[in-house]
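Below you'll find the structure, written out as structure tokens, and then a few comments.
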């Protein structure tokens, strides 16, 4: 199933959604998630960076970016990430998914809702770019630097030892840094928003699926009747 079809089928939020084509797996390996929110983009970003009064700069180009690929491809990308984000996310969404939707559907829906959480945060700050980027900036920077240093260390060790597996200590540190990141207030609030809307979003997805199946059944019956009397 294509991710954009899934998102469009359940999206009733007034957010700017961009489905990015031609994004490589290398971007994800370097820390760029298939889902991310940006408060300001392109030419407006340049104007913001050159602005002498950043504290009063408001954005008109905020967007949620989603990698334009299949749900299955996105799940594989998350599985391949050494940070443990796949396991972490599955752990918190599994109770919502069980007996309702496949875990990969739940994963995509949760990630989308998480970014909607960031969109809402930005809107609550009146689209003020400086206020949004400054919020928890030092915590985010510190976590990013620790995660980046760990990834570099792992790559060096793996190249030296010709072993692509993570050591027990490396795996533990990745899990630790991932949990630390998800507990940064801005991220935790976005997670809480996603979880609070996950059940109803899954139900909407199931309703869409039921309607599609019903329409297919009707079409088959009409075709059958046409063949019978044709």
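Taken together, the values in this text are just the output of simple stated rules run on the coordinates, not laboratory data. Given the structure is predicted, the values throughout are model-derived calculations rather than measurements. As a convention, Cβ positions derive from the backbone with ideal geometry for all residues, glycine included, and neighbour counts pool all protein chains shown.
Could you give the nm distance between label points at residue 58 and residue 175, where each point is 7 Å from its Cα heading toward the beta carbon? Result: 4.6 nm between the two label points. Report, to the nearest 10°, how far helix 185-229 tilts away from the longest principal axis of the Cα atoms in the chain, using its own Cα long axis and a range of 0 to 90°. Approximately 20 degrees, to the nearest 10.
To the nearest 10 degrees, how steeply does helix 137-161 sit against the main Cα axis of the chain, on a 0 to 90 scale? It works out to around 90 degrees. Test of understanding: in a Gaussian network model of the chain with alpha carbons linked when under 10 Å, which of 68, 102, 191 would top the mean-square fluctuation ranking? Maximum among the listed residues: 102. Largest GNM mean-square fluctuation across 147, 67, 172, computed for the chain with C-alpha springs under 10 Å, falls on 172. Here segment 66-98 is scanned for amide nitrogen atoms under 19 Å from the site 7 Å beyond the Cα of residue 207 along Cα-to-Cβ, giving 97. Helix 85-97: angle to the longest alpha-carbon principal axis of the chain, degrees 0 to 90, nearest 10? Approximately 40 degrees, to the nearest 10.
For residue 124 and residue 137 in the same chain, what is the full-extension length gain: residue separation times 0.36 nm, less their Cα-Cα distance, in nm? Each step should come with its number before you reach the end.
Details: separation 13, 0.36 × 13 = 4.68 nm, distance 1.76 nm.
That works out to 2.9 nm of additional length.
Measuring nothing but alpha carbons in the chain and taking Rh as the Kirkwood radius, the Rg to Rh ratio lands at 1.05. For the chain, what is the mean residue ellipticity at 222 nm derived from helices alone (per DSSP H run of n ≥ 4: -39500 (n - 2.57); sum divided by total residues; nearest 500 deg cm²/dmol)? That comes out to -22500 deg cm²/dmol. Can you give me the Cα centroid spacing of segment 153-201 and segment 127-145 in angstrom? Value for the Cα centre distance between the two parts: 18 Å.
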